[in-house]
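Accompanying notes for the structure given below.
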C-alpha cells in the first residue's frame, strides 16, 4: 500500500511541475498581449488608428509559442 501511495505522489509531483511550467507560459503570453494592446492603443491615440485598419494583415507570427 505504501508503494502505491509513493507512486501516486511521484505522479502528482510530475503533474505539478508540468502545471507550474504551463502557468508560467500562460503568464508570459498574457503579458505579451498586454504590451501589444498598449502599443495599439498608443498608435490610435497618435491618430494613426486608420493606418491599422487600412494596412494589410501581417503574416502569422508566434507569440508565446502560439500563432497569432
Might you check whether a residue that is part of a helix (DSSP H, G or I), modelled with pLDDT under 95 and in contact with a helix residue (DSSP H, G or I) (Cβ under 7 Å, 6 or more places away or on another chain) occurs anywhere in the range 52-60?
yes
Under 9 Å between Cβ atoms, which residue pairs at least 6 apart in sequence (or on different chains) link something in the range 14-27 that is on the phi > 0 side of the Ramachandran plot and without any contact (Cβ under 8 Å) to a residue 12 or more places away in the chain with a partner that is loosely packed, with under 10 Cβ neighbours inside 10 Å and part of a helix (DSSP H, G or I)?
none
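The values are calculated or read from the model by the stated rules, or taken from the named source; none is laboratory data. Here the structure is a predicted model, which means the values were calculated and not measured. FYI the Cβ positions are ideal-geometry reconstructions off the backbone, even for glycines, and counts take in every protein chain you see.
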